[in-house]
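**Student:** Got a structure for you, questions after.
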Amino acid sequence: MNFNLYGYGPPDRRRWIVADLGVTFGGQDTPGVDIILPDPAWIEDHAEDILGIVLTHAHEDHIGAVAWLWPRLRAPLYATPFTAFLLREKLRERNLEDEVELNTVPLGGRIVLGPFDVEMVTLTHSIPEPNGLVIRTPLGVVLHTGDWKIDPSPLLGEVTDAG
Ligand SMILES: [Zn+2]
């Protein structure tokens, strides 16, 4: 149920980016519940200050809540091609494909969202196109890893960009 917020700026003018918007799955302690969504209530009150929702990779625990919660956040989406393709299908299932701004970012691409300069860094994981995010701001750099492992010979996709 990954759902991360990064904020920049003084409290009255703070801007936000969201990194991942995923679900988790019900278990024995939640009988009858298939999926569980993160609670966006706090950031929903600041939805107009969200500059973008950046998705690191296409696992359900990272993108599974997008089509459910986007109507409450309404910010543009950013993802590399494989993740964007799967997102588009999920948005279509909920009749949102014409409403949502879904931006496809090339592998290794950069997105400037207000004070955030976000670089997609190719990693290896268990799905195509896992990305870490190097989030540069005027005050410092944050490395948002997403999910990763160091796999020098992935069956599919590129090796980790160690540079
Ligand atoms: Zn994953």
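The values are calculated or read from the model by the stated rules, or taken from the named source; none is laboratory data. Since this is a predicted model, take the numbers as computed values, not measurements. Note that each Cβ is placed from the backbone with ideal geometry, even for glycine, and that neighbours are counted across all protein chains shown. The area values use the complete protein model at the heavy-atom level, side chains included, leaving out ligands, DNA and RNA. Shrake-Rupley method; radii C 1.70, N 1.55, O 1.52, S 1.80 Å.
**Student:** With respect to Leu51, is the statement that it is under 17 Å from the mean Cα position of the chain (by Cα) and open to solvent by less than 10 Å² (accessible area, probe 1.4 Å) true?
**Tutor:** The answer is no for Leu51.
**Student:** Taking only pairs six or more apart or across chains, which ones have beta-carbon atoms under 9 Å, a first residue in the range 61-86 that is under 14 Å from Glu44 (Cβ atoms), and a second residue that is small (Gly, Ala, Ser) and away from the ligand (no atom under 14 Å from the Cβ)?
**Tutor:** That search, which allows pairs on different chains as well, returns Arg72/Ala41; Arg72/Ala47; Leu73/Ala47; Arg74/Ala47; Ala75/Ala47; Ala75/Gly52.
**Student:** Follow-up question, since we're still on this one. Any residue in the range 111-126 that's at positive phi: show its pairings with residues that are more than 14 Å from the ligand (Cβ to nearest atom) at Cβ separation under 9 Å, as long as the two are six or more apart or on different chains.
**Tutor:** Sorted first by the residue in the range 111-126, then by its partner, the pairs are Gly114/Tyr8; Gly114/Gly9; Gly114/Arg15; Gly114/Ile17; Gly114/Leu51; Gly114/Gly52.
**Student:** Report, by residue number, each residue of the range 6-44 that is touching a residue at least 40 places away in the same chain (Cβ under 8 Å), in contact with a Ser or Thr (Cβ under 6 Å, 6 or more places away or on another chain) and not charged (D, E, K, R).
**Tutor:** Passing the criteria: only Tyr8.
**Student:** Could you check the range 54-77 and list, in sequence order, the residues that are surrounded by fewer than 24 Cβ atoms within 10 Å (Cβ to Cβ) and away from the ligand (no atom under 16 Å from the Cβ)?
**Tutor:** Within the range 54-77, Ala67, Trp68, Leu69, Trp70, Pro71, Arg72, Leu73, Arg74, Ala75, Pro76 qualify.
**Student:** Can you tell me which of (1) charged (D, E, K, R); (2) within 16 Å of the ligand (Cβ to nearest atom); (3) open to solvent by 40 Å² or more (accessible area, probe 1.4 Å) is the one Asp34 doesn't meet?
**Tutor:** (2)
**Student:** Okay, next question. Among the residues of the range 137-144, is there at least one that is within 14 Å of the ligand (Cβ to nearest atom) and either aromatic (Phe, Trp, Tyr) or surrounded by 13 or more Cβ atoms within 10 Å (Cβ to Cβ) (or both)?
**Tutor:** The answer is yes, given that some residue of the range 137-144 is within 14 Å of the ligand (Cβ to nearest atom) and either aromatic (Phe, Trp, Tyr) or surrounded by 13 or more Cβ atoms within 10 Å (Cβ to Cβ) (or both).
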